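Derivation of every value follows stated rules applied to the coordinates shown; laboratory data play no part. Small disclaimer: the values here were computed from a predicted structure and weren't measured. Quick reminder, even Gly has a Cβ in these numbers, built from the backbone with ideal geometry, and neighbours come from all protein chains shown.
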There are 2 protein chains.
Amino acid sequence: MTSHHPVNGLDDVVHQRVRLGILAVLAESTRADFTFLRDTLDVTDGNLARHLQTLEGAGFVEIEKRFERRRPRTWVRATAAGRDAFAKEIAALEALIRRVQ
Amino acid sequence: MTSHHPVNGLDDVVHQRVRLGILAVLAESTRADFTFLRDTLDVTDGNLARHLQTLEGAGFVEIEKRFERRRPRTWVRATAAGRDAFAKEIAALEALIRRVQ
């Protein structure tokens, strides 16, 4: 039984609510900017920055800071590893839902 | 957009991986004992105890310690509020999965 419960297939890096949200938004578009992520996920700048850092550290997102019209803008993209990790999380959640229904 | 992303419907108390696992196990049976939860979710005693305390503090589980055959045994049950919170989490996860597929 031990390793077979579906929650054991969940990776804390991806499962955490805000990080799951970031990867979900990035599953719908090639990139998203910091402000859009912050407003969509309803988090503070600091909170979003911290979770982006965790995802970047795991190799799941790439962060690009640049100037557009003389203003700083931060773009975030999912890496191939990030898309894989997100797909695995969704599969584990589906297994969990099937099990409890 | 802000409040409409499905991850905004996830409650951190319930969403956290180990706590989600506890409530998932309790969705399948009226009660579970500490050892069974620990082995099923593959966590340490201390980790499980901490997450049970969080769920108990939120009113989502009831914990009963008693002696059976002169040995201490800890039983855990989901409360009605715990079952409701788990059902809401599952519904939010289903909405998230529908959205990204």
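Taking other Cβ within 10 Å of each residue's Cβ, how do A:Leu52, B:Leu23 sort, fewest first?
Ranked by crowding around the Cβ, least crowded first: A:Leu52, B:Leu23.
For the Cα atoms of chain A, what angle does the longest principal axis make with the long axis of helix A:45-57, in degrees from 0 to 90, nearest 10?
60 degrees
Just want the answer: with Cβ charges of +1 for Lys and Arg and -1 for Asp and Glu, which residue in A:Leu48, A:Ala95, A:Leu37 is farthest toward the dipole's positive end in the protein assembly as shown?
Of A:Leu48, A:Ala95, A:Leu37, it is A:Leu48.
Given a cut-off of under 8 Å on Cα pairs at least six residues apart, what relative contact order in percent is computed for chain B?
36 percent
Just to confirm the number: angle between the C-alpha axis of helix A:17-28 and the first principal axis of chain A, 0 to 90 degrees, nearest 10?
The angle comes out at about 70 degrees.
Ratio of chain A's C-alpha Rg to 2.2 N^0.38 Å, to two decimals?
Ratio of Rg to 2.2 N^0.38 Å for chain A: 1.18.
When a footprinting reagent is the concern and you count Cβ atoms within 10 Å, what order do B:Ile63, A:Ile90 take, fewest first?
On the way: B:Ile63 14, A:Ile90 20.
Listed from fewest to most nearby Cβ atoms, that is B:Ile63, A:Ile90.
Dimensions of the protein assembly as shown along principal axes (Cα, Å, largest first)?
74, 29, 28
Report, for B:Gly57, each distance to the same residue's label point in the other copies, shortest first and in nm; define the point 7 Å along Cα→Cβ.
Distances between equivalent label points, in nm: 2.3.
Shortest first and in nm with one decimal, please list how far the A:Gly46 label point sits from its counterparts in the other copies (point 7 Å along Cα→Cβ).
Shortest to longest, the spacings are 2.8 nm.
How much mean residue ellipticity at 222 nm does chain B get from its helices, if each DSSP H run of length 4 or more adds -39500 (n - 2.57) and you divide by all residues, to the nearest 500 deg cm²/dmol?
The helix contribution divided over chain B gives -17500 deg cm²/dmol.
Which order results if A:His4, B:His51 are arranged by neighbouring Cβ count within 10 Å, fewest first?
The order, fewest Cβ neighbours first, is A:His4, B:His51.
Angle, helix B:80-100 long axis vs. longest principal axis of chain B, Cα atoms, 0 to 90°, nearest 10?
On a 0 to 90 degree scale, this one is about 40.
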